[in-house]
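Student: Got a structure for you, questions after.
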Amino acid sequence: MRWCVSIGAALAAAALVGGDVAGVAAPAPKLSQNQPVDESKRVDVELILAVDVSYSMDMDELAVQREGYAQAVISSEFLQALKTGPTGKIAVTYFEWAASHDQKVIIPWRIIDGPESAGAVAEEILKAPLRRASRTSISGAINFGMGLFADNPYRGLRRVIDVSGDGPNNNGEPVTVARDAALAKGVVINGLPFMVKETNAATMDIENLDVYYEDCVIGGPGSFVVAIQGRDKFNEAIRTKLVMEVAGRVPERPVIPAAAPQPRVSCLIGEKIWQDRWGRY
């Protein structure tokens with residue numbers, strides 16, 4: 001089941017691991033690996049942070065986004081969430097993406113199992129130079145993420161791709177093709193759409209980006225969207241989202257189930273906007 005989480009509900013869910021907000025455990029997807037696993041390589045979650053750096057993101061947004069992830073992994077809420085899993089540790093990798101063949105790994109797979117390792121990851125996130133690139137390929141990000149899972153030496157009970165971005169797919173294969181292929185392999189995809197600026201046709205923004213993410217991007221057991229609609233909410237929302245992913249929970253209330261079996265917005269809207277503007281895809 002997929003969920004849309006309002007920003008208010010998402011921020012309230014920061015208390016999840018403390019027991020103040022009721023939650024439901026997301027069922028663990030079946031993993032395809034059959035080979036024996038070294039117990040020292042077991043983790044609770046294999047978590048991919050896939051971060052949009054397309055030109056529609058201004059430099060201030062990129063900096064705030066980076067800071068949000070860095071602050072999230074060292075927060076007391078996140079560190080407490082680590083303790084809720086059977087191994088008490090996760091494997092995480094962080095990469096930036098734009099066009100279908102433009103992805104850059106900022107942090108290769110790392111173990112986070114406490115304050116020291118979390119601090120090292122946060123430092124790596126912050127020290128990497130900021131960059132921007134053309135086009136927006138969510139499908140490319142998902143496909144790239146699937147390759148990272150294949151190369152991950154650690155094995156988790158769950159596999160999650162956390163996609164953040166401020167626009168629809170407009171490059172590469174349709175996002176639903178990549179999404180469905182990932183879901184078929186037991187991966188959960190969650191979304192963090194940035195909706196902090198007024199819709200601007202010049203940058204090919206769309207209204208209701210959160211709905212697009214709900215219907216076209218996310219999927220898998222317990223998947224959810226947290227929409228950010230103000231720059232002052234970046235840190236809190238990113239922290240809360242990571243807490244929910246690590247704890248394997250979504251808030252029980254208040255949530256809005258993704259209602260329609262068919263997308264409420266065209267999953268090819270980004271491609272259409274690009275073609276209408278440039279006369280090609």
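Computed from the coordinates by the stated procedures, all read-outs in this text should not be read as laboratory data. Remember, predicted model here, so these are calculated numbers, not experimental data. So basically every Cβ, Gly included, is an ideal-geometry build from the backbone, and we count neighbours across all protein chains shown.
Student: Search segment 65-80 for residues being in contact with a Lys or Arg (Cβ under 9 Å, 6 or more places away or on another chain) and among the hydrophobic types (A, V, I, L, M, F, W, C), and hand back the single one that is surrounded by the most Cβ atoms within 10 Å (Cβ to Cβ).
Tutor: Among those residues, the one meeting the criterion is 73.
Student: Right, here's the next one. Evaluate the following for residue 50: is it buried (at least 20 other Cβ atoms within 10 Å of the Cβ) and either out of contact with any strand residue (DSSP E or B) (no Cβ under 7 Å at 6 or more places or on another chain) or among the aliphatic types (A, V, I, L, M) (or both)?
Tutor: Yes; evaluated as a whole, the condition is true for this residue.
Table: residues versus (1) surrounded by 17 or more Cβ atoms within 10 Å (Cβ to Cβ); (2) within 23 Å of residue 67 (Cβ to Cβ); (3) charged (D, E, K, R).
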| residue | (1), (2), (3) |
| --- | --- |
| 116 | no, yes, yes |
| 119 | no, yes, no |
| 139 | yes, no, no |
| 143 | yes, no, no |
| 152 | yes, no, no |
| 164 | yes, yes, no |
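Student: Shifting gears a bit: Considering only residues of segment 120-173 that are without any contact (Cβ under 8 Å) to a residue 60 or more places away in the chain and polar (S, T, N, Q), which is farthest from residue 221 (Cα to Cα)?
Tutor: Filtering first and then ranking leaves 137.
Student: Among the residues of segment 153-181, how many are of a type in the set (Ser, Thr, Tyr) and within 18 Å of the chain's Cα centre (by Cα)?
Tutor: Qualifying residue count for the region: 2.
Student: Of the residues 84, 93, which is surrounded by fewer than 18 Cβ atoms within 10 Å (Cβ to Cβ), of a type in the set (S, T, N, Q), in contact with a Lys or Arg (Cβ under 9 Å, 6 or more places away or on another chain) and in contact (Cβ under 8 Å) with a residue 40 or more places away in the chain?
Tutor: Answer to the check: 84.
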